[in-house]
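Please read the structure below before turning to the comments.
Read-outs throughout are calculated quantities, based only on the coordinates presented, and are distinct from any laboratory measurement. Treat the numbers as computed from the prediction; the structure is a model and nothing was measured. Using ideal geometry, Cβ is built from the backbone for each residue, glycine included, and neighbour counts are taken over all protein chains shown.
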């Protein structure tokens with residue numbers, strides 16, 4: 001878990017999420033439904049993209065672990 005806190009991907013995802021939430025709040029403050037909607041959609045995409053990237057990394061780590069155990073035999 002500690003590696004997640006030092007991950008650049010994680011902090012970039014947090015920044016994108018917070019920026020999107022800020023955009024959504026600005027849209028609500030100015031009564032602009034389109035800006036608010038774009039902010040909400042972008043925050044969802046930022047979270048989804050981070051999750052996909054982490055899944056890809058996890059799969060590659062599992063493949064490496066399987067390959068290492070196969071070569072040990």
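Details
- The calculated 222 nm mean residue ellipticity attributable to helices in the chain amounts to -31500 deg cm²/dmol, summing -39500 (n - 2.57) over DSSP H runs of n ≥ 4 and dividing by all residues.
- A crude spin-label estimate for the pair residue 65 and residue 37, with each label 7 Å from Cα along the Cβ direction, gives 4.4 nm.
- Rounded to 10°, Cα long-axis angle of helix 33-72 versus longest principal axis of the chain: 0
- Computed on the Cα trace of the stretch 2-72, the radius of gyration divided by the Kirkwood hydrodynamic radius gives Rg/Rh = 1.26.
- For the chain: relative contact order, % (alpha-carbon pairs under 8 angstrom, 6 or more apart): 25
- Remark on the stretch 1-40: Rg and Dmax equal 13.3, 40 Å (Cα only).
- Rounded to the nearest 10 degrees, the angle from helix 8-29 to the longest Cα principal axis of the chain is 20 degrees.
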